[in-house]
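Just so it is clear, none of the values below were taken in a lab; they were calculated from the coordinates. None of these values were measured; they are calculated from a predicted model.
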Amino acid sequence: MLWSKQIDLALLLLRVVFGGMMLFNHGWGKVVTLFTGDPTEFADVLGMGAPASLALASFAEFLCAALIVLGLFTRWAVVPLIVTMLVAIFLIHWDGPFQKMELAVIYLTAFFAIGLAGPGWYSADAQFRKILP
């Protein structure tokens, strides 16, 4: 059915674009900082310390974003990213102008939509379902 293929292509596009942008534009820098930089300079928004906050943000923005690009464990992988975007919106950028939180709102919307719709046919999840009953 053509309609189904169009939706699957749209989900692939959403996953690759938003997951890839999160991975390379946000996650990669945090992973580099985690291993080579000074993690104490990261924001400590949840009271667990800056290094732990950086590690959690790195996990979400790098590893979970990579899983979303692949379409592997997609519905589980969006959860840490949704939480991270909620933290960015309500605890980091809330007091500033909307332009500061706008990107987090866009990412939140995309990851929420991916979580609701699932990864689509062009994903590792779908291919594993096809192989494993």
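Starting from the amide H of Gly71, placed 1.01 Å from N in the peptide plane, find each other amide H under 5 Å away whose residue is 5 or more places distant or on another chain.
Sorted by chain and number, the residues that satisfy this are Ala124.
In deg cm²/dmol, rounded to 500, what helix-only [θ] at 222 nm does the chain give when every DSSP H run of at least 4 residues adds -39500 (n - 2.57) and the total is split over its residues?
-20500 deg cm²/dmol
Of [x] 1.09; [y] 1.03; [z] 1.16, which one was derived for Rg/Rh (Cα atoms, Kirkwood Rh) from the structure shown?
[y]
For Lys5, go through the lysines and keep the ones whose alpha-carbon is under 21 Å away, minus same-chain ones fewer than eight residues off.
Lys130
If I require 15 Å or longer along the helix axis, counting alpha carbons, and a Kyte-Doolittle average no lower than -0.5, what helices from the chain are left? Use full DSSP H segments.
Result, helices passing both filters: 2-22, 74-87, 98-117.
Per residue, how big is the convex hull of region 1-65 when only Cα atoms are used? Give it in Å³.
Looking at region 1-65, the number lands at 78 Å³ per residue.
Rounded, prolate or oblate, given the Cα gyration tensor of region 31-108, with a/c below 1.5 counting as rounded?
Judged from the Cα gyration tensor, region 31-108 comes out oblate (a/c at least 1.5, b/c at or above a/b).
Output wanted: per-residue J couplings in Hz (rounded whole) for region 38-45, from phi through Karplus 6.51 cos²θ - 1.76 cosθ + 1.60, θ = phi - 60°, x for Gly and Pro.
Karplus-based 3J(HN,Hα) across region 38-45 equals 9, x, 6, 7, 6, 5, 10, 8 Hz.
Calculate, in nm to one decimal, what Ala10 and Ile131 gain on full extension: separation in residues at 0.36 nm each, minus their alpha carbon distance.
In short, 41.2 nm is gained.
Relative to the present Cα-Cα distance, how much length would full extension add between Ala124 and Phe35 at 0.36 nm per residue of separation?
My answer for the length gained is 29.1 nm.
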